[in-house]
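What follows is calculated from the coordinates using simple rules that are stated; it is not laboratory data. Given the structure is predicted, the values throughout are model-derived calculations rather than measurements. Virtual Cβ from ideal backbone geometry, glycine too; neighbours counted across all protein chains shown.
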């Protein structure tokens, strides 16, 4: 039964889209925070020589693929975003930020639900500005996808040169 808490912690951190803080893990699994801390140490050690790692993002945790192996993993993984959401991400990546009304003109009726999904994934942030709302990419987006995007942009620049 000693591996039960770390195994449950591991399952939670693999299954969740967004990183979780110790208190969120504690509440989700109904365990003491000391047990969470012990589980996190054990998981960090468990993944030392594997393609996976326990990632700390701010003060939150997530199990993910090591950067060294991310190219292989992302090449064959299914995207958690649909084509429309990827178009919104592309627009925001190029522009930095834009008004929701601009996205709605481009994407139509689906824009609101696509933005809501991206917001739940913690990839975009919607900021009220008077009567309008601005959308921008979050720090979590750049933590999760930034390195891969930079490498793709560099490769495309080399091809066009």
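Neighbour counts of other C-beta atoms within 10 Å: give me 61, 145, 69 arranged from fewest to most.
Values: 61 25, 145 17, 69 14.
Final ranking by Cβ density, sparse to dense: 69, 145, 61.
For the residues 114, 125, what sequence is obtained by ranking on other C-beta atoms within 10 Å, fewest first?
Ascending Cβ contact count within 10 Å gives the list 125, 114.
Which length gain, in nm to one decimal place, applies between residue 134 and residue 48 when the Cα-Cα distance is subtracted from 0.36 nm times their residue separation?
26.9 nm
Between residue 34 and residue 97, what is 0.36 nm times their sequence separation minus the Cα-Cα distance? Round to one decimal in nm. Present the calculation step by step, with values, prior to reporting the outcome.
Numbers: separation 63, 0.36 × 63 = 22.68 nm, distance 4.07 nm.
Gain on extension, residue 34 to residue 97, equals 18.6 nm.
Based on a Kirkwood Rh over C-alpha pairs, give the Stokes-Einstein translational diffusion coefficient of region 4-72 at 25 °C and viscosity 0.890 mPa s in µm²/s. Could you put the intermediate results ahead of the total?
Numbers: Rh = 12.1 Å.
Stokes-Einstein gives a translational diffusion coefficient of 203 µm²/s.
Report the full-extension gain for the segment residue 17 to residue 57: residue separation times 0.36 nm, less the Cα-Cα distance, to one decimal in nm.
13.1 nm
Looking at region 94-141, what % of the alpha carbon pairs are farther apart than 18 Å?
For region 94-141, the fraction of Cα-Cα distances above 18 Å is 22 percent.
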